[in-house]
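Enquirer: Would you mind keeping the following structure in view while I ask a few things?
The values are calculated or read from the model by the stated rules, or taken from the named source; none is laboratory data. Note that the coordinates shown come from a computational prediction; the quantities given were computed from them, not determined experimentally. All Cβ positions, even for glycine, are placed from backbone atoms using ideal geometry, and neighbour counts span all protein chains on display.
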Amino acid sequence: MLRYQTVLWTFSLLSVAAGSDFKARNCSGVKEAAIAKGFSFENVPLQQMSGDHLRVCPQGNTCCSSEMEDKFGQQSKLELENLVDETSKELRSTFVSRHKKFDEFFLELLENTEKSLNEMFVRTYGKPYMQNSEVFQNLFAELKRYYTGGNVNLEEMLNDFWSRLLERMFTLLNSQYVITDDYLECISKYTDQLKPFGDVPRKLKAQVTRAFIAARTFVQGLSVGREVANRVSKVSSTPACIRALTKMMYCPYCQAMPSVKPCNNYCLNVMKGCLANQADLDPEWNQYIAYVCSADQRR
């Protein structure tokens with residue numbers, strides 16, 4: 001019984017195939033669908049013909065010429081690139097706006113801090129401060145250079161600031177004496193033991209270092225995310241990907257079935273193949289997003 005059903009099923013399939021070979025379908029619907037999609041072909045067959053000339057779509061009876069198949073391939077590539085670009089546009093825009101907003105916020109904060117300290121010191125110390133204000137100007141210039149990606153060692157820079165400040169203050173407070181450079185250098189060497197500013201340098205260094213490392217890391221992270229999103233959105237389509245997309249999206253046109261849509265699993269498998277390089281980034285990208293979000297919340 002089972003063998004009989006198998007033979008009957010095979011015969012039925014052969015009958016359908018034979019019928020399809022002898023009954024060429026009308027291609028008028030294909031032409032209408034192609035025009036509606038925006039294609040302009042010089043010639044669309046009125047009836048199905050042999051598809052021996054096709055390189056991607058099935059070579060049975062077909063409504064497609066070689067020109068049509070080539071243009072379907074070109075359109076498949078263009079649609080994929082546009083789709084990925086459009087899908088990632090919001091993500092890229094978010095990174096650009098977040099980076100710009102934080103960068104402006106932090107630089108403005110740094111500028112306002114320098115301005116307010118300068119005004120306070122001018123009111124408090126007057127001319128002696130103004131004659132030595134470049135010490136503080138250099139400090140803020142180096143802090144800005146570090147934040148913007150410059151090669152600055154924060155700890156060494158802050159230590160140097162306190163040493164320069166000590167030298168200037170010692171000279172001002174002992175203006176009746178002639179202070180040599182060697183003597184000032186000697187004083188600087190023993191700053192840690194003398195602690196002329198108490199515990200302020202240590203506390204300030206810890207706070208400034210923590211704040212600026214976090215700020216620079218965060219803004220650079222946003223910049224990296226923006227660049228990665230920009231690069232990933234530019235899909236480099238492989239020939240295999242274009243073939244698979246063409247088979248899925250446009251080969252039904254060649255078979256006189258332009259309204260047939262691919263099933264979900266088929267579409268997913270094709271897209272996974274086309275976006276394999278991007279998919280490899282998924283675990284690392286998720287970790288990166290989690291880190292950036294947590295840093296944003298801490299800020």
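Enquirer: Mind checking whether some residue in segment 260-271 is modelled with pLDDT under 85 and among the aromatic types (Phe, Trp, Tyr)?
Expert: No, the conditions are met nowhere in segment 260-271.
Enquirer: Hey, another quick one. Just one of (1) touching a helix residue (DSSP H, G or I) at 6+ places or on another chain (Cβ under 7 Å); (2) among the β-branched types (Val, Ile, Thr); (3) without any contact (Cβ under 8 Å) to a residue 24 or more places away in the chain trips up Val178, so point out which.
Expert: The single condition Val178 does not satisfy is (1).
Enquirer: Please state which one of Val235, Val292 is touching a helix residue (DSSP H, G or I) at 6+ places or on another chain (Cβ under 6 Å), at pLDDT below 80 and closer than 20 Å to Val56 by Cβ.
Expert: Val235
Enquirer: Of the conditions (1) in contact with a Ser or Thr (Cβ under 9 Å, 6 or more places away or on another chain); (2) modelled with pLDDT of 95 or more, Tyr146 satisfies every one except a single condition; which number is it?
Expert: (1)
Enquirer: Which of the numbered conditions does Gly149 fail, given that it passes all the others? Conditions: (1) assigned to a helix (DSSP H, G or I); (2) touching a residue at least 40 places away in the same chain (Cβ under 8 Å); (3) not polar (S, T, N, Q).
Expert: All conditions pass for Gly149, except number (1).
Enquirer: Mind listing whichever residues of segment 64-80 are of a type in the set (A, V, I, L, M, F, W, C) and in a helix (DSSP H, G or I)?
Expert: Residues satisfying the conditions are Met68, Phe72, Leu78, Leu80.
Enquirer: Tally up the residues in segment 71-87 that are surrounded by 17 or more Cβ atoms within 10 Å (Cβ to Cβ) and either within 17 Å of the chain's Cα centre (by Cα) or among the β-branched types (Val, Ile, Thr) (or both), please.
Expert: Of the residues in that region, 1 qualify.
Enquirer: Let me ask something else about it. Which of the residues that make up segment 152-163 are touching a residue at least 24 places away in the same chain (Cβ under 8 Å) and either surrounded by 18 or more Cβ atoms within 10 Å (Cβ to Cβ) or outside any helix (DSSP H, G or I) (or both)?
Expert: Passing the criteria: Leu158, Phe161, Trp162.
Enquirer: Among (1) surrounded by 17 or more Cβ atoms within 10 Å (Cβ to Cβ); (2) within 25 Å of Val84 (Cα to Cα), where does Ala240 come up short?
Expert: Here Ala240 clears every test but (1).
Enquirer: If we scan segment 199-221, do we find a residue that is at pLDDT 90 or above, touching a helix residue (DSSP H, G or I) at 6+ places or on another chain (Cβ under 6 Å) and within 17 Å of Glu79 (Cα to Cα)?
Expert: no
Enquirer: Is there a residue being among the basic types (Lys, Arg) and in a helix (DSSP H, G or I) anywhere in segment 220-235?
Expert: yes
Enquirer: How many residues are under 14 Å from Lys247 (Cβ atoms) and modelled with pLDDT of 90 or more when one looks only at segment 58-67?
Expert: 3
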